[in-house]
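The values are calculated or read from the model by the stated rules, or taken from the named source; none is laboratory data. Quick caveat, the model's predicted, so the values are computed rather than measured. Every residue, glycine as well, gets a Cβ built from its backbone with ideal geometry; the counts of neighbours run over all protein chains shown.
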Amino acid sequence: MHDPLKDKIKTLPNKPGVYQYFDKSGKIIYVGKAKNLKKRVASYFTKNHDSGKTQILVKRIHEIKYIVVDTEVDALLLENNLIKKYQPKYNIQLKDDKTYPWIVVKNEHFPRVFKTRRVIKDGSTYYGPYASVKMLYTLLDLIREVYPLRTCNLNLSPEAIAKKNYKVCLEYHIGNCKGPCVGHQTEEDYDAYLTDIKNILKGNVTSVIKALKNWMKDLAAEMRYEEAQEVKEKLRLLEGYYAKSAVVSPTIHNVDVITLVEDDKYAFVNYLKLNNGAIIHGHTVEVKKKLDESPEEILPLVLIEMRERFGNEGKEVITEVDISDEVDHLNITVPQRGDKKSLLDLSKRNAKFYMLEKHKQEKLVNPDRHVERIMETMQKDLKMKEWPTHIECFDNSNFQGTNAVAACVVFKNGKPSKKDYRHFNIKTVTGPDDFASMEEVVYRRYSRLIREDQPIPQLVVIDGGKGQLSSAMKSFEKLGLKGEITVIGIAKKLEEIYFPGDSIPIYIDKRSETLKIIQHLRNEAHRFGITHHRNKRSKAALGTELTNIEGIGDRTAEMLIQEFKSVKRVKESTLDEIEKIIGRKKAELLVNYFKQNNLE
């Protein structure tokens with residue numbers, strides 16, 4: 001660290017604020033917030049950072065600037081604005097460049113209500129933005145079904161209407177508008193509709209339903225039955241919409257829900273905004289991580305962005321990790337059960353589906369990038385020096401100590417390479433000794449690859465726990481490959497991953513692609529080994545009776561079984577038919593044997 005930076009850090013205030021790091025060219029490369037500027041900035045230069053990216057960032061810091069603010073909330077908001085403005089290289093970025101639509105209630109006489117993508121500061125009221133255009137049109141259709149609003153863009157000021165230059169249009173004649181342009185409707189009457197509409201757009205559907213029910217009862221009490229029926233139809237539409245929207249207990253009011261799932265480079269953050277038990281906004285953003293940021297760092301930043309975007313001022317936030325230190329002006333809830341936990345799970349599912357959809361699209365559009373991402377994830381999870389583009393997995397099979405075999409399956413770029421699969425018949429081990437069998441097949445496999453100058457894998461997976469892994473390592477040591485290949489063992493019960501010489505296993509996230517690839521390898525090795533073992537046992541069982549005949553060996557018996565499929569069919573075949581397969585002499589031996597033993 002340069003001396004000028006040391007001096008700068010010493011003079012930083014113990015106050016909340018935002019700090020900015022600049023490189024030699026004077027460009028902002030990182031923006032951060034802090035409860036205590038001095039402590040936070042100093043930590044970058046006094047800690048040993050695990051992340052290589054953070055180490056590179058620190059090396060590139062040439063100048064530090066800061067802005068002191070009154071509260072941590074102000075710091076969070078300022079940090080968010082500065083990141084959006086300067087997009088520093090080492091800050092997380094919200095990958096979200098769409099222009100989402102809004103519903104606007106225009107600032108005019110007899111206001112129109114319509115969709116727009118342009119927010120103009122003209123006094124109009126905007127609701128949204130809506131990530132789902134379908135939801136937006138559902139709301140607009142509902143409003144137009146229930147309330148007769150004008151759709152024309154005429155100037156309906158009292159002076160313009162007084163001039164009587166307007167005529168009613170088709171919308172008036174079909175009942176979609178009450179004709180305010182010719183004085184058939186007052187602004188007071190029209191504004192009563194707008195009060196309900198604004199409540200619906202805010203998510204307060206229940207208050208509108210309650211008001212309409214009271215109105216319907218009043219009309220019925222006055223024996224205005226036709227009008228009461230019209231209100232009843234409006235109620236039916238509103239209640240139908242609310243029933244589809246409500247997903248949790250209606251006692252949950254004005255709450256935000258935020259969760260994330262992540263892969264090696266991106267976090268996928270889902271945000272839900274609720275009112276009266278109904279989701280009125282749902283949105284997922286893709287966040288590019290720059291310094292291996294934790295959920296506790298990502299969630300507050302995205303939460304503030306979403307609340308600002310969707311105009312939410314509620315005080316309660318439901319999330320999966322405690323971020324109360326970062327957003328202490330909000331009530332953070334981390335539920336374990338009940339309706340709020342159901343909401344949390346719903347949000348998590350949305351984030352997960354979004355991530356899986358992105359991965360599927362990536363696989364179709366850019367298969368090379370898809371492979372790179374998986375390789376990077378595996379390299380990071382297994383702490384490897386390089387990508388595991390070539391992986392091999394071993395599994396042993398035997399039945400009550402007989403017909404011991406082993407299987408080796410090969411994956412390249414995360415996919416099975418079946419042409420490279422290999423079977424092994426155990427040669428040097430007597431009885432059911434899985435450890436010695438593993439040592440034998442590993443030695444045979446890699447001594448041959450070395451002898452034939454074939455490429456060796458970056459990763460070897462041993463199906464079994466510490467015992468099989470230790471046995472495999474004996475062969476790698478004999479061959480001089482120890483340290484050249486990453487070798488791991490996977491225990492079947494708890495999916496524990498063991499490294500050589502380490503008695504404590506690691507547990508990889510069950511949703512991780514690394515574990516999915518390892519499980520796929522293990523399952524393939526097991527399937528391939530069992531198939532070979534079953535075939536060997538079947539051949540042995542079928543061939544037993546034939547090989548008991550003097551002069552008939554294993555190879556001859558195998559040829560007969562391959563042709564006739566069973567011992568019974570061999571017995572039923574003629575001398576000439578058998579002769580075509582194994583020759584005259586051996587055919588006569590067989591036929592004579594069957595006759596002598598009354599087996600014909």
Looking at (1) part of a loop (DSSP other than H, G, I, E, B); (2) at pLDDT below 85; (3) over 30 Å from ASN597 (Cβ atoms), which is the only condition GLY529 fails? (1)
Anything in the range 467-480 that is modelled with pLDDT under 90 and buried (at least 18 other Cβ atoms within 10 Å of the Cβ)? List them, or say none. GLN468
Taking the range 155-168 on its own, how many of its residues are touching a helix residue (DSSP H, G or I) at 6+ places or on another chain (Cβ under 8 Å) and either over 11 Å from GLY183 (Cβ atoms) or surrounded by 12 or more Cβ atoms within 10 Å (Cβ to Cβ) (or both)? 5
Sort out which residues of the range 417-452 are out of contact with any strand residue (DSSP E or B) (no Cβ under 7 Å at 6 or more places or on another chain) and either under 12 Å from HIS390 (Cβ atoms) or modelled with pLDDT under 90 (or both), and write them in order of number. LYS427, THR428, THR430, GLY431, ASP433, PHE435, ALA436, LEU449
Just checking, does the range 309-323 include any residue being touching a Leu at 6+ places or on another chain (Cβ under 8 Å), within 20 Å of HIS253 (Cβ to Cβ), at pLDDT 85 or above and acidic (Asp, Glu)? yes
Given the options GLU550, GLU545, name the one that is more than 26 Å from ASP395 (Cα to Cα), modelled with pLDDT under 80 and in a loop (DSSP other than H, G, I, E, B). GLU550
So VAL334 fits all but one of (1) more than 17 Å from TYR266 (Cα to Cα); (2) modelled with pLDDT of 85 or more; (3) crowded, with 16+ Cβ neighbours inside 10 Å; what number is the exception? (3)
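Taking the condition loosely packed, with under 14 Cβ neighbours inside 10 Å and outside the structural domain of ASP263 (by TED's automatic domain parsing), does GLN458 pass?
no
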Residues of the range 302-339 classified as within 24 Å of the chain's Cα centre (by Cα) and in a loop (DSSP other than H, G, I, E, B), total: 8
Considering only the range 407-462, how many residues are within 15 Å of LEU521 (Cβ to Cβ), assigned to a loop (DSSP other than H, G, I, E, B) and not hydroxyl-bearing (Ser, Thr, Tyr)? 4
Hey, GLU239 hits all of (1) surrounded by 14 or more Cβ atoms within 10 Å (Cβ to Cβ); (2) outside the structural domain of ILE298 (by TED's automatic domain parsing); (3) modelled with pLDDT of 85 or more but one; which does it fall short on? (3)
